[in-house]
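To start, the structure itself, in structure tokens.
Just so it is clear, none of the values below were taken in a lab; they were calculated from the coordinates. None of the values given here were measured: they were computed from a predicted structure. Here Cβ is always computed from backbone atoms with ideal geometry, including for glycine, and neighbour counts include all displayed protein chains.
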Amino acid sequence: MAEIVSIKEQIRFLAQLQVIDGKIHGLRKEKDRAPEEVLKLQKEFEDKKANLKNLEEEDKNLAKRRKEKEIDLGSKEENIKKLNSQLPSLKTNKEYHAMLSEITSFKTDISVLEEDILKIMDEQEAFRGKLTKEKAYLAEEDKKFQGEKKKIDEHVKEIECAISDLTAKHNQITPSIDKRIYAIYERILKGKDGLALVAVKDYSCQGCYIGVTPQVVNEIKMHDKIVTCESCARILYLEEEL
């Protein structure tokens, strides 16, 4: 002979279970958001690092420009030495003055190059100051990032502990619920964002807030079957009936 199940009692157990499962569902969603929060913090930190990369790249460009000008300067100095060494061997005044003019031109170029190199050196010094400040700033930002990440990781562990405790309470209640009724409850719970059992207040389903007919309310009061909302399919109950 089949065991008689008290629907009223079953609803009472489901109501207790729904409170627990609602909390578990909320905690799981909160836990699932944690990786996104870490990624957001990571992206913000990477964006801040972009300025340092730009400064470092500009510093490299300055070093490259300086090197090119120093090579050019060295080449022109060598040309002057070579021309000076050739001056005594020249036979005519015209050749002599032409070479002196060429030497003067190289000296003018050297003067310009030296000026350019000094300007680049000044820029490099200014950039080194910026780089030092930016690196110090990023070091602090990295500490903040690691600190925030640690807080999130610790919070996830707290959530996992809370879920474990609530799951234990869940498991204490489930043996008291009829297997067929529990299966219905679980199916709805998974499909309705963690909310399977809702009250009816003022002839309104508190799950979807669609109106409930007086006939449905009477069916709930009869306690002879599980009654679900015609709109959202959640299990319905009356708080005052428990």
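Determine the calculated [θ] at 222 nm for the chain from helices alone, applying -39500 (n - 2.57) to every DSSP H run no shorter than 4 residues and normalising by the residue count; nearest 500 deg cm²/dmol.
Roughly -28000 deg cm²/dmol at 222 nm, from the helical runs in the chain.
Taking label positions 7 Å along the Cα-Cβ direction at both residue 92 and residue 187, the computed distance is 11.3 nm, reported to one decimal.
When only Cα pairs below 8 angstrom with a gap of at least 6 residues are kept, the chain shows a relative contact order of 31 percent. In terms of surrounding Cβ atoms within a 10 Å radius of their Cβ, 122, 59 rank from fewest to most as 122, 59. Each residue in 224, 116 was given a count of other beta-carbon atoms within 10 angstrom of its own, and listing them fewest first yields 224, 116.
Build a GNM of the chain with springs between Cα atoms under 10 Å apart, and of 69, 82, 133 the one that fluctuates most is 82.
Annotation for residue 83 and residue 131: the two label points, set 7 Å from Cα along the Cα-Cβ direction, are 3.6 nm apart. Full extension of the chain between residue 144 and residue 46 yields a length gain of 34.0 nm, computed as 0.36 nm times the residue separation minus the alpha carbon distance. Would you calculate the separation in nanometres between label points at residue 30 and residue 242, each defined as 7 Å from the Cα along the Cα-to-beta-carbon direction? Spacing of the two 7 Å Cα→Cβ label points: 2.2 nm.
Here's the picture: charge each Lys and Arg Cβ at +1 and each Asp and Glu Cβ at -1 in the chain, and of 173, 212, 13 the one pushed furthest to the positive end of that dipole is 173.
At a threshold of 8 angstrom on Cα-Cα distance, excluding pairs fewer than six apart, so keeping six or more, what relative contact order does region 142-242 reach in percent?
Values: 81 pairs, mean separation 20.2, N = 101.
That works out to 20 percent.
Placing a label point 7 Å from the Cα of residue 63 along the Cα-to-Cβ direction, the residues of region 111-145 whose backbone N falls under 12 Å of that point are 128.
Taking amide H as placed 1.01 Å from N in the peptide plane, residue 204 has its amide H under 5 Å from the amide H of 212, each at least 5 places away in sequence or on another chain.
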